[in-house]
Every structure is written in structure tokens, then in C-alpha cells.
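A short write-up of the structure that comes next.
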Amino acid sequence: MALWLEWQIKVYVLMVSLCVGAWTSATPPNSTLAVFERWMARHGRIYMDNLEKAKRYEIFLKKLRFIEDFNSKAANRSYTVGLNQFSDLTTEEFRARYNGFRPTPRSSNSSAATTFNNQNVTQAKDSTNSIPDSISWVDKGLVGSIKQQGSCGSCWAFSTVATMETLLAIKGDINTAGVPKVGTKGHLSAKKVRTSIKGGRLVDLSEQQLIDCNTDNNGCVSGTETKAFRYMERAGITSEEKYPYKGVKGECNGRATLVPEATIQGFYAIPVSEHSIEMAVAAQPVTAGVDSNSVQFRNYRGGIFTGPCGQDLDHSVAIVGYGRSNSEGLDYWLIKNPWGEKGYMRI
């Protein structure tokens, strides 16, 4: 790097640091530029000019300081945080690019779905009429590959498709599937999907089809799981091989959608009850809306996330299991999320 650029970045950051307070990071200031350069190379970052790079370096430094401070107290926490592909973005930029989930108003759920009841998940119960203490559809080999949505607010499409991929992989006719919206501190609400598909095949399905063809939703801007499932009632969902992901909204490729891999027959509303969600997840994965506004959530690295949480549901994921950690003594939901523990997160 040219000495001029290094000097410019350091002076810029020094000016900012004098405004926000003394240096508190465990990493010496003269080494953070090298850390930033390595992070840029890892994530393929190229900025349009030196001023933009200096701006991103400032944001990166704030994240780095937070991460080091948080993890220095990890002995008293159940999870850790770390650098990831979002470490040069502000909260506002992250939300604009990645948070496309818009939860369906509660008042409209009753008209959109049949009431869910415990009989819908009887196949998940054992001979003692109880559900398992833990389950992981990942460990069963029935969860599709980890995918990156890019700078497109299509999380709503990824979560619904993740649910359908596992439904397609489960052998036999499927009569239970879910679409919960998870709020804070365990407040849950959900929907359940009825399907009739030939199981036994783990196929990557097409998020791009939902982005392009599900005109009730707003592509890379925003969407809801209810409208996505309604679309799949009408048109079904095809494979990603036939309709590959581009990460931008385009014209609907009608020819690619002619032969769907699966078609939805309906969906149910699940009560605001962790027990009801647990019964549904014991039968198959369900989609979920979560609040991703905290810097801890966005920089989650591993462990069991315990908050902070809010009520603003802005990010859609798939719940693919649940269990209990003996080391932390905590129950958790296992969610499919493209960052964290190899594409998953315990919460």
C-alpha cells in the first residue's frame, strides 16, 4: 500500500477517535490496518476510492473494538462474536441490504390459514405420546446447502425455500410444515404448511423463482412468508439448477417454472406457544422471523445466543432443530442462517 494512503487512513481515524474517546481496543492501532487489509482480501472488498476505504476502515475499527471487548468477557457469556462479511457496514446499510422480511400482521393470519392443532404433528411423537427432547434435521442430513443471499433483501425467500427443501427430502407424504415468526424472549407465532410431495430427494430449490415470479412480494426489497407460500400453492417451486440465483430481481422465467419440484396445498397458523413450535419442528423445519437489529446478532460467531433481542422482526430464517446444551445449561432453537456456526445459529 502507498505510504500516502496509509497516512491518510490513520489520520482520518485519529480525528474520529479524538471525537469518540480514547483507544480501548486490545489490538494496537498500528496493526489494525493490516487486519483490515486481510479482512478485505478474504471477503473480496474493493472500494471505489481512498475516501470510501477510509470510511469503511472507521466502521470496521468500531466493530473490531466491540468484538474484542465483548469476547474478553466471554467467560461470563454463552456465545462469542467475530468479524464477518458485514463488518464494514453500518446498521442502516445492513438493514437496507439484507433485512427484507416483513411479518404478516397478526390480524390477517386467521383468514390466511387454517388453525393449527396438535394432531397435525402426531407423526413426530413416539410410543409414549411425547416429542423428542432434541432434534436436528441437519444431523439427519435433510437440510439443504448453505446459501448466500448477497446484497438482496430476499431472506424471506431463503427461509421458505429451506423449509421446502427438507420437506422434499423427508420420505413419504408430508402433512406438517411450519412458518413461525419468532419475536423476543421466546414469544412465538407461526404458520404450518400442508404439502403433498414425493419425498426422499434433497434438492436445492429456487429462491430466484420467488424473487422474480412472486409478484405479491417485492423481490429484493421485502417479502413475507405467507405470500411466498400462497405463490407456491398456485405455481409450486422448481429447482435452483433450473432457475439459478442471481441476487437481483428480474423477469419471471416462466419456462423454468413449468415443472415444479413441489407444490404447497395450504398452511396453518400455529399458536404463540413454544410447545406448539417445538411439536412442529419435531415433525419438520419451520420458517421464522427474528429481530436482527443488535450488533451482537449481526456479529454472532458461535455458542448460544441469549440476546439482546427486540420486537422488530426484520429477518427471516428457518428453524431446523432444537435441543439443550449441557455445558451452558440452556435450551436453544437451531436456525439456518448464512453466518455464524458454519451457516447455523443456536438461539
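Given the pairs K62/K140; K242/K336; K147/K227, which are separated by over 29 angstrom at their Cα positions?
Details: K62/K140 40 Å; K242/K336 23 Å; K147/K227 21 Å.
K62/K140, as the Cα separations exceed 29 Å there.
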**Request:** Name the aspartates and glutamates eligible as straight-distance cross-link partners of K73: C-alpha to C-alpha under 19 Å, and not fewer than 8 places from it in the same chain.
**Result:** E328
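GluC sites (Glu not before Pro), restricted to the stretch 234-327: which are DSSP loop and have at most 14 other Cβ atoms within 10 Å? Spell out each step's value before the answer.
Working: sites: E240, E241, E251, E261, E274, E278; in loops: E240, E241, E251, E261.
When the GluC sites (Glu not before Pro) of the stretch 234-327 are filtered for loop state and at most 14 Cβ neighbours within 10 Å, E241, E251 remain.
Kindly put M40, M164, M232, M48 in sequence by how many other C-beta atoms sit within 10 Å of each C-beta, fewest to most.
Working: M40 17, M164 32, M232 25, M48 7.
The most exposed by this proxy come first: M48, M40, M232, M164.
We did not get these values from a lab; they are worked out from the coordinates using the rules stated. Here the structure is a predicted model, which is why all the values come from computation and not from measurement. Note that each Cβ is placed from the backbone with ideal geometry, even for glycine, and that neighbours are counted across all protein chains shown.
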